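Enquirer: Here it is, the structure in full.
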Amino acid sequence: MNQTTERIQRLRNKMAEAGIDVYYIPMSDCHNSEYVADHFRCVEFISGFTGSAGSVVVTQEGAWLFADGRYYIQAARQIEGSCLELMKIAQPGVPELSEFLREQSCCKVLGFDGTVVPADFGMKYESAGSHTEKVPAAIRSDRDLVGEIWEERPVQKFTDIYELPLEYTGETPESKIARIRADLEKQVPEQEDYLYLLNSLDDIAWIFNLRADDIEDNPVQFAYAAISRYKVILYTGARVPKIPFETGIYSRDCLCMTGYDRVLMDLSRISYDTYRYYRDQGIQIVSLSNPSTLMKAIKNDTEIRCLKETLVNDSAVLVNFMYWLKKNVGKIPMDEVSVADYLQQLRMAQEGYIELSFETISAYGANAAQMHYSPQRGACAQIKPEGFLLVDSGGQYFKGTTDITRTFAMGPLTDLEKKAFTLTAASMLRLLNARFLKGCSGENLDILAREPMWKEGWDYKCGTGHGVGHVLNVHEGPHSIRWKINYEHPTAVLQPGMVVTDEPGVYREGLFGVRTENELLVTEYKTTEDGTFCQFENLTFIPIDLDAIDPQYLTAEDLQMLNEYHRQVYEVVAPKLKEEVRSWLKEYTREITR
């Protein structure tokens, strides 16, 4: 029996024992994090799927893995031969997860681990006050059934925390908490106290200027926080806090430090179980947007200065990496893992390096058609002097977080590969050079990147860009660049100070994948009688591989933008390079014509 099928059968036995008909397993932790620690990778354990996003639904009759467009190819390969059926999110004929769960659990018992399911998710399936008959007969959120069959489950890790200094953050915790309180108190009567409960790890890290290593590649700690008019509580699992608690916010604002597990006694669980706990106590619950999320997304002058410095240095790392690839492909052994290791070594030599910002995607040839491909040491593709190598990578530094993708021509390319690469470059450059009225969101601008693709009847099954944290999570909201509107979670207006990626691509299963990604900063352009306009400032200075450009697919304006971009790349990065690399860069940023 396939290992996945065997584990699902053991789960079904637990379901029958608990009287649960439908069991839902999210890719999530107690804090609704995007990237989760090994302890919380229940979807991977039960299904074998290793992507960063996905959900599993199990009944006695069937089992389904829901995955989005980034993971269609990967998910299909990883569940092949098991009893799981792949549900390709957003494809014709595939129901939305919420509606599918309603259908499966109607008049039955729906179960899930209530500590890792958000309150609003669980509330959708409660019968009380529901406007639909498609509701479960009962909900069981008190059993982590996957955990009950996971014999060698990794323990939850709590690492030491440290303070990120003011010279890197630009704002004290006192100031941040004061701004949060000011926002909350607009919504709470003056005579009433309130308790603002926070479980988002990157928000907590940002508010207190604290960092840790509890989740790989995400410098955050497992913690909860509570803010009232008069007190601040930080629930932390750190064993040896390495911050000066006798100074600053840690004394003047009545900060109380207590154990991570105390939140279970003081506040119940900040999740679906929290909602049920307070509701049953008769306490009024108000669902508000998290004010710190937008505050965190709008970088201050110090954060912007530090990030610009970091990205110039990181760009120089990628230029050196590109030079090494071009000079050595076909001459020395290379595979997907070895080149990723070499790039990491270059980053580790940089001042202020902490860790990667995510596991490097190093994908050669057809493997790059999987957007989030992860090469396995000893079982990955050898790189030959032909075709494409796609490398999506980033670093966590004390002064900033980077996220960069480049696709490199390793040798001769097909006409289709050159066309795909050239249109991707045009898409990236058109968005980079956009000017737009203040008040636009990424939903308004996404068409600028997709237009060259859509004219060919092509598309990429993901968004065009995401926010980037400051020494925090590489994916950060509330802003993004995408065409599809999510009415429950609309993307935020793009405001000066926000950092966002620009990463269109082309993916052809069995053939190749292409992606080009820069980080951009939203800035003001000018104000006229028609309003205030914004633009993007480029923060990434790495060549777009001219060996893969076919000028026939570029307009005159595209060519001008490409040449201007390369002029900037050479001007900014050349002083960081040795003479031989600088001479090489001059050739790879040369002006081209039709």
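Enquirer: Within region 12-27, how many residues are out of contact with any strand residue (DSSP E or B) (no Cβ under 6 Å at 6 or more places or on another chain) and crowded, with 23+ Cβ neighbours inside 10 Å?
Expert: 1
Enquirer: Check 84, 101, 97 and return the single one that is touching a helix residue (DSSP H, G or I) at 6+ places or on another chain (Cβ under 9 Å) and at pLDDT 90 or above. Reasoning before the result, please.
Expert: Numbers: 101 fails: touching a helix residue (DSSP H, G or I) at 6+ places or on another chain (Cβ under 9 Å); 97 fails: touching a helix residue (DSSP H, G or I) at 6+ places or on another chain (Cβ under 9 Å).
Criteria check complete, one pass: 84.
Enquirer: If the requirement is being closer than 27 Å to residue 512 by Cβ and either small (Gly, Ala, Ser) or touching a residue at least 60 places away in the same chain (Cβ under 8 Å) (or both), which of these qualifies: 16, 37, 67? Quick ask: steps written out before the conclusion?
Expert: Details: 16 fails: closer than 27 Å to residue 512 by Cβ; 37 fails: closer than 27 Å to residue 512 by Cβ.
So the residue among 16, 37, 67 that is closer than 27 Å to residue 512 by Cβ and either small (Gly, Ala, Ser) or touching a residue at least 60 places away in the same chain (Cβ under 8 Å) (or both) is 67.
Enquirer: Against the definition (surrounded by 18 or more Cβ atoms within 10 Å (Cβ to Cβ), within 18 Å of the chain's Cα centre (by Cα) and not aliphatic (A, V, I, L, M)), how does residue 33 come out, yes or no?
Expert: yes
Enquirer: If you don't mind, another one. Among 206, 150, which is the only one that is in contact with a helix residue (DSSP H, G or I) (Cβ under 6 Å, 6 or more places away or on another chain), among the aromatic types (Phe, Trp, Tyr) and under 25 Å from residue 298 (Cβ atoms)? Reasoning before the result, please.
Expert: On the way: 150 fails: under 25 Å from residue 298 (Cβ atoms).
Among 206, 150, only 206 is in contact with a helix residue (DSSP H, G or I) (Cβ under 6 Å, 6 or more places away or on another chain), among the aromatic types (Phe, Trp, Tyr) and under 25 Å from residue 298 (Cβ atoms).
Enquirer: Could I ask something else about it? Looking only at residues in region 295-309 that are open to solvent by 10 Å² or more (accessible area, probe 1.4 Å), assigned to a helix (DSSP H, G or I) and aliphatic (A, V, I, L, M), which one is farthest from residue 176 (Cα to Cα)?
Expert: Filtering first and then ranking leaves 307.
Enquirer: Sticking with this structure for a sec: For residue 138, are the conditions met, namely being without any contact (Cβ under 8 Å) to a residue 40 or more places away in the chain, within 26 Å of residue 10 (Cα to Cα) and open to solvent by less than 30 Å² (accessible area, probe 1.4 Å)?
Expert: Numbers: without any contact (Cβ under 8 Å) to a residue 40 or more places away in the chain: yes; within 26 Å of residue 10 (Cα to Cα): yes; open to solvent by less than 30 Å² (accessible area, probe 1.4 Å): no.
The answer is no for residue 138.
Yes or no, residue by residue, for (1) among the acidic types (Asp, Glu); (2) at pLDDT below 65; (3) open to solvent by less than 30 Å² (accessible area, probe 1.4 Å); (4) assigned to a strand (DSSP E or B):
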site: 230; (1), (2), (3), (4): no, no, no, no
site: 239; (1), (2), (3), (4): no, yes, no, no
site: 246; (1), (2), (3), (4): yes, yes, no, no
site: 265; (1), (2), (3), (4): no, yes, no, no
site: 282; (1), (2), (3), (4): no, yes, no, no
site: 285; (1), (2), (3), (4): no, yes, no, no
site: 314; (1), (2), (3), (4): yes, no, yes, no
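Enquirer: Open to solvent by less than 40 Å² (accessible area, probe 1.4 Å) and either touching a residue at least 40 places away in the same chain (Cβ under 8 Å) or under 26 Å from the mean Cα position of the chain (by Cα) (or both): is that true of residue 114 in this structure?
Expert: Working: open to solvent by less than 40 Å² (accessible area, probe 1.4 Å): yes; either touching a residue at least 40 places away in the same chain (Cβ under 8 Å) or under 26 Å from the mean Cα position of the chain (by Cα) (or both): yes.
In short, yes.
Enquirer: Right, residue 162: open to solvent by 10 Å² or more (accessible area, probe 1.4 Å) and free of Cβ contacts under 8 Å to residues at least 40 places away in the same chain or not?
Expert: Against the criterion (open to solvent by 10 Å² or more (accessible area, probe 1.4 Å) and free of Cβ contacts under 8 Å to residues at least 40 places away in the same chain), residue 162 does not qualify.
Enquirer: Could you list all residues from region 319-368 that are closer than 22 Å to residue 384 by Cβ, assigned to a strand (DSSP E or B), of a type in the set (A, V, I, L, M) and open to solvent by 30 Å² or more (accessible area, probe 1.4 Å)?
Expert: The answer is 332, and nothing else.
Enquirer: Could we say that residue 43 is buried (at least 16 other Cβ atoms within 10 Å of the Cβ), assigned to a helix (DSSP H, G or I) and hydrophobic (A, V, I, L, M, F, W, C) here?
Expert: Numbers: buried (at least 16 other Cβ atoms within 10 Å of the Cβ): yes; assigned to a helix (DSSP H, G or I): yes; hydrophobic (A, V, I, L, M, F, W, C): yes.
Here the answer is yes, as residue 43 does meet what is asked.
Enquirer: What are the residues in region 380-422 that are assigned to a helix (DSSP H, G or I) and open to solvent by 10 Å² or more (accessible area, probe 1.4 Å), if any?
Expert: Within region 380-422, the subset assigned to a helix (DSSP H, G or I) is 415-422.
Matches in region 380-422: 415, 416, 417, 418, 419.
Enquirer: Against the definition (surrounded by 19 or more Cβ atoms within 10 Å (Cβ to Cβ), under 25 Å from the mean Cα position of the chain (by Cα) and of a type outside the set (A, V, I, L, M, F, W, C)), how does residue 509 come out, yes or no? Give the derivation first.
Expert: Details: surrounded by 19 or more Cβ atoms within 10 Å (Cβ to Cβ): no; under 25 Å from the mean Cα position of the chain (by Cα): yes; of a type outside the set (A, V, I, L, M, F, W, C): yes.
Spelling it out, it is not the case that residue 509 is surrounded by 19 or more Cβ atoms within 10 Å (Cβ to Cβ), under 25 Å from the mean Cα position of the chain (by Cα) and of a type outside the set (A, V, I, L, M, F, W, C).
Residues are listed down the side, and each one gets a yes or a no for (1) within 29 Å of residue 7 (Cβ to Cβ); (2) open to solvent by 50 Å² or more (accessible area, probe 1.4 Å); (3) assigned to a loop (DSSP other than H, G, I, E, B):
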| site | (1), (2), (3) |
| --- | --- |
| 147 | yes, no, no |
| 168 | no, no, no |
| 180 | no, no, no |
| 188 | no, no, yes |
| 194 | no, no, yes |
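Enquirer: Here's a check for you: in region 53-97, which residue that is under 17 Å from residue 486 (Cβ atoms) and among the small types (Gly, Ala, Ser) is most open to solvent (accessible area, probe 1.4 Å)?
Expert: 90
Enquirer: Only residues that are of a type outside the set (Gly, Ala, Ser), assigned to a helix (DSSP H, G or I) and within 23 Å of residue 315 (Cβ to Cβ): list them for region 499-554, please.
Expert: Within region 499-554, the subset of a type outside the set (Gly, Ala, Ser) is 499-504, 506-509, 511-512, 514-530, 532-547, 549-554.
Then drop every residue that is not assigned to a helix (DSSP H, G or I), which leaves 546-547, 551-553.
Those that are of a type outside the set (Gly, Ala, Ser), assigned to a helix (DSSP H, G or I) and within 23 Å of residue 315 (Cβ to Cβ): 546, 547.
Enquirer: In addition: Within region 460-498, count every residue that is part of a loop (DSSP other than H, G, I, E, B) and either over 26 Å from residue 306 (Cα atoms) or open to solvent by less than 50 Å² (accessible area, probe 1.4 Å) (or both). Let's see the steps before the verdict.
Expert: Pass one, region 460-498, residues part of a loop (DSSP other than H, G, I, E, B): 460-464, 468-475, 482-492, 494-497.
The next check asks that each one be either over 26 Å from residue 306 (Cα atoms) or open to solvent by less than 50 Å² (accessible area, probe 1.4 Å) (or both); those that pass are 460-464, 468-475, 482-492, 494, 496-497.
Of the residues in that region, 27 qualify.
Enquirer: Regarding region 336-358, can at least one residue be identified that is modelled with pLDDT under 95 and over 22 Å from the mean Cα position of the chain (by Cα)?
Expert: Taking region 336-358 as the starting set, the residues that turn out to be modelled with pLDDT under 95 are none.
Looking for residues that are modelled with pLDDT under 95 and over 22 Å from the mean Cα position of the chain (by Cα), one finds none in region 336-358, hence no.
Enquirer: Over 27 Å from residue 218 (Cβ atoms) and out of contact with any Cys (no Cβ under 9 Å at 6 or more places or on another chain): which single residue out of 17, 44 fits that description? Show your work before the answer.
Expert: Working: 44 fails: over 27 Å from residue 218 (Cβ atoms).
Step by step, each of 17, 44 is checked, and only 17 is over 27 Å from residue 218 (Cβ atoms) and out of contact with any Cys (no Cβ under 9 Å at 6 or more places or on another chain).
The values are calculated or read from the model by the stated rules, or taken from the named source; none is laboratory data. What you see is a predicted model, and the numbers here were worked out from it, not measured in a lab. Glycine gets a Cβ as well: all are built from the backbone with ideal geometry, and neighbour counts include every protein chain shown. For accessibility, only protein heavy atoms count, side chains too; no ligands or nucleic acids. Shrake-Rupley method; radii C 1.70, N 1.55, O 1.52, S 1.80 Å.
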